[in-house]
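Down below is the structure, laid out as structure tokens.
The values are calculated or read from the model by the stated rules, or taken from the named source; none is laboratory data. Keep in mind it's a predicted model, so treat the numbers as computed, not measured. Neighbour counts run over all protein chains shown; Cβ positions are idealised from the backbone, glycine included.
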Amino acid sequence: MITAKNNSPERILLIFLIGWTILNLIQGYFMELHPDEAYYWLYSRFLDWGYFDHPPMVALFIKAGDFIFPSKLGLRLITILTNTASVYFLWQIVKKYSLNIKLFILLFGSILLFHVYGFITTPDSPVFFFSIMFWYVYQRYLEQDKIKWALYLSLIIACLLYSKYHGILILFFTILSNFKLLKRPSFWLIVTLAIILFIPHICWQFENGFPSLYYHLIDRSSKPYKFTFTTDYLLSQVLIAGPLVGWYIYQSAVTVKRTDPFIKTLYFNFWGILLFFLLSTFKGRVEAHWTLIGFVPLFILSYVSLSQKNNIPRWFEKLAIANIILILFARFILIVPIPYIKDLKAVKYYYGTEKWAEQIHEKAGNAFLILQGGFQEASTYNFYNHTTKGFAYDTRYYRKNQFDIWPLEDSLRNKKVYYVLSSSHGKNSQEDTINTSKGIFYGCWIDQVRLYQKVMMSIDPINGNWKAGEIRALKLKIYNPYQDAITFNNKDATWKCYLEYSFIKDGELQDFKSLENGFEKLTILPHQAVEITENIQTPLQTGKYKLIFSVRTEPFPGSRNSNMISINVKK
């Protein structure tokens, strides 16, 4: 408990916690949502043991807050409260090394990433809280091998993994830093209980074909390497540690004296997590915030290191204060738009979205709505209009997401829907021109919409290499996941349907070609699959490719109906 003695570190911490909470409440109330937050709000409308992109903890955070206070602030409420708790427990960790509350506040306030997840609710919000809880309990578990600490750790580890898969890195580098843990019977109790608690999510992955595993390990890293992936990552890690003082925070963490097993474990995690994501840049782009779990060890190590010095440099204190003022200014402009700055790519998400959602809803009314271009626009439309009738049409030029799993498509198939694009529907369409806060959009009504976005296709394993330009006969298995039978017949159909395929090379999708061998004659019963033989023409140029299949129904550009199938084309 915090005791409020005059001028004591605890009293100063209490004042800081109150101020920090108020600041985040103001930010959470006035600032518009990032589109990803709206997407996770939809998670909370369909609670489950897992989702396409992430585990379910963020959905529980949002569900609890939204139950208390249905609004933007409610969506962010649990994040704000747990972030305040995180600061408190972080102090409990570091005060064993020094009671320098001034240094604690300067360091915490200087790290840009800590500000971001003080109010924004994404899977990083719970993983930040549970990572600090892990370090708090682990510190005590090292000192006292007691069952209570083991039970707490097993629960926290499960919560870490239910928050974000990155949590496994903390566990890996912790064990790597201290193999003596393996000799403790309580350690194996922790492992066993954590696995048992995580089994429901593993079962969900199994039942849904391991979509998260495929997305994070294969689909997300399908683009060829660019040198900027690595340089952008390195630069961003300094920036989010503090625009002005991040470099010094890193320097302090690296030079810390490793005086005990706890500090050693933090050191392993700090370096391990940063290097892991550095190596990940060779597979694809790494988002700057993915290293958040490494910033807790970074903070503790830098605090301990600076506490070990006799005198903290005065220039650092002044620069840290300037750094905090700069971050607070950035937070201010996310609430109050400033000309020119509000149009920057990094911040334009936070302006005009609520008004845009209202303007689109004025045209669509209570009808089902289809938006094209990813999950973000449909998610924000749903949140601001308190509905789940907005559906994201995931084109074959994009990636799959949770909209491909939710029952939303099932609800609107064969219904009348309002279809909205950011470009014209074409010369012959009867479209509405909608002037919105996000620019001009175009909407039109579609009767008896025809969609097969959930239909999945696969082929038998490919043996050997393919020859350039040859015709290959492939057995194509088509699965119907819906509750009703589906047919691809175009006779008397208002909206024609086509089976098409394409190849991806170096991350670029080539032109699609049609397949007609028996596809239109198919009728597939609910939850059944059929096989047809189709002739595929291989690319004319040699190299490594990915093959995908797509069902295109008018007036849509086509969905991605298969995983990427690797092939090797030779002469």
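Key figures for this structure:
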read-out: Scan of segment 520-536 for residues that are over 36 Å from the mean Cα position of the chain (by Cα) and surrounded by 13 or more Cβ atoms within 10 Å (Cβ to Cβ), ordered by number; value: Glu520, Leu522, Ile532, Glu534
read-out: Condition check for Asp394: acidic (Asp, Glu) and modelled with pLDDT of 90 or more; value: no
read-out: Sole exception among (1) at pLDDT 95 or above; (2) surrounded by fewer than 16 Cβ atoms within 10 Å (Cβ to Cβ); (3) more than 24 Å from Asp232 (Cα to Cα) for Gln308, by number; value: (1)
read-out: Members of segment 365-389 found to be within 21 Å of Ser424 (Cβ to Cβ) and surrounded by 18 or more Cβ atoms within 10 Å (Cβ to Cβ), listed by number; value: Leu369, Ile370, Leu371, Gln372, Gly374, Glu377, Ala378, Tyr381
read-out: Helices (runs of 4 or more DSSP H) contained entirely in segment 30-123, each with at least 2 residues that are more than 26 Å from Glu354 (Cα to Cα), over 24 Å from the mean Cα position of the chain (by Cα) and touching a residue at least 12 places away in the same chain (Cβ under 8 Å); value: 72-94, 101-110
read-out: Unique match (being more than 22 Å from the chain's Cα centre (by Cα), of a type in the set (Lys, Arg) and either buried (at least 18 other Cβ atoms within 10 Å of the Cβ) or at pLDDT 95 or above (or both)) among Lys164, Lys148; value: Lys148
read-out: Residues within segment 291-327 that are without any contact (Cβ under 8 Å) to a residue 12 or more places away in the chain and part of a helix (DSSP H, G or I), tallied; value: 4
read-out: Number of the exception - Glu10 against (1) in a loop (DSSP other than H, G, I, E, B); (2) at pLDDT below 95; (3) surrounded by 15 or more Cβ atoms within 10 Å (Cβ to Cβ); value: (1)
read-out: Thr433 being polar (S, T, N, Q) and either touching a Lys or Arg at 6+ places or on another chain (Cβ under 8 Å) or surrounded by 21 or more Cβ atoms within 10 Å (Cβ to Cβ) (or both); value: no
read-out: Candidates Lys400, Lys415, filtered to the one that is under 30 Å from Ala485 (Cα atoms), modelled with pLDDT under 90 and not acidic (Asp, Glu); value: Lys400
read-out: Scope segment 348-390; condition hydrophobic (A, V, I, L, M, F, W, C) and not in a helix (DSSP H, G or I); matching residues; value: Ala367, Phe368, Leu369, Ile370, Leu371
read-out: Positions within segment 132-165 being touching a helix residue (DSSP H, G or I) at 6+ places or on another chain (Cβ under 7 Å), among the basic types (Lys, Arg) and assigned to a helix (DSSP H, G or I), in sequence order; value: Arg140
read-out: Residue check for Tyr501: crowded, with 18+ Cβ neighbours inside 10 Å, more than 18 Å from Ala529 (Cα to Cα) and under 30 Å from the mean Cα position of the chain (by Cα); value: yes
read-out: Residue in segment 257-273 that is touching a residue at least 24 places away in the same chain (Cβ under 8 Å), closer than 22 Å to Asn178 by Cα, in contact with a Ser or Thr (Cβ under 9 Å, 6 or more places away or on another chain) and in a loop (DSSP other than H, G, I, E, B) present; value: yes
read-out: Failed item, numbered, when Ala346 is tested on (1) at pLDDT below 90; (2) within 15 Å of Ser422 (Cα to Cα); value: (2)
